[in-house]
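To start, the structure itself, in structure tokens.
The values are calculated or read from the model by the stated rules, or taken from the named source; none is laboratory data. On a predicted model such as this, the values are computed, not experimentally measured, just so you know. Positions of Cβ are generated from backbone atoms using ideal geometry, with glycine treated the same way; all protein chains shown enter the neighbour counts.
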Amino acid sequence: MKRLLGLCLILISLAAGAQQYVTTTGKTHFFSSTPLEDIEATTIKTVCAFNTDSRKVSANIAIKSFDFKDDLMEAHFNENYLESDKYPNAKLSGEVVGDIDFKKDGVYDVSVKGKLDLHGVVQDRDIPCKLTVKDGMPTNVTAVFDITLADHKIKIPKALFTNIAEVIKVDLSYDLVTYTK
């Protein structure tokens, strides 16, 4: 948790004087469905920072913070697939792209264009998002997108190929608050 908080503070300090919004309790969920088994997990420990002036955004998720319904599934996820001791965090850094009028309340269709670092493999991403603006401030961001395991060199043993989907659906919802020093 210290690493996540430290990262959040570093991200915020990068743009001193700019309008910063953060969450340390962002909800990130993923779901995999196959004919044999559904796999899903959720974390509410995502750290995210958004600078409205530069439109830069950064997010960090501690892989071990994902909570599964089944302890064995969680152990396999951390030890065999995401190798969370070796690759402890998933990170996204990028820029929010799209028309946003912070003077007008509403939900804006935007995207985050940037880099997703997962399992030690960095991939360019363009993630469609919805950004809610209320009282001149971004208050929430949501997104639904897919991650292809092979793109991040996450290997599925042939014996389990029918148990784990090759593409994982991710959905997130982050409530943002104004960062004040």
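I'd like to check something: does the stretch 114-123 contain any residue that is closer than 17 Å to Phe50 by Cβ, charged (D, E, K, R) and in contact with a strand residue (DSSP E or B) (Cβ under 8 Å, 6 or more places away or on another chain)? Yes, the stretch 114-123 has at least one match. Only one entry in Thr178, Thr132, Thr139 is of a type in the set (Val, Ile, Thr) and modelled with pLDDT under 95, namely Thr178.
For every residue, the table says whether it meets (1) in contact with a helix residue (DSSP H, G or I) (Cβ under 9 Å, 6 or more places away or on another chain); (2) under 14 Å from Thr28 (Cβ atoms).
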position: Lys45; (1), (2): yes, yes
position: Asn51; (1), (2): yes, no
position: Lys56; (1), (2): yes, no
position: Ile63; (1), (2): yes, yes
position: Asp67; (1), (2): yes, yes
position: Asp71; (1), (2): no, no
position: Ala90; (1), (2): yes, yes
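When you check Ile156 against the structure, is it modelled with pLDDT under 95 and within 23 Å of Ser33 (Cα to Cα), yes or no? Considered against the rule, which asks whether it is modelled with pLDDT under 95 and within 23 Å of Ser33 (Cα to Cα), Ile156 comes out as yes. Just the residues that are out of contact with any Ser or Thr (no Cβ under 8 Å at 6 or more places or on another chain), modelled with pLDDT under 80 and polar (S, T, N, Q), please, taken from the stretch 11-45. Residue satisfying the conditions is Ser13 alone.
Residue count for the stretch 18-63 satisfying the condition of being touching a residue at least 60 places away in the same chain (Cβ under 8 Å) and out of contact with any Leu (no Cβ under 8 Å at 6 or more places or on another chain): 13.
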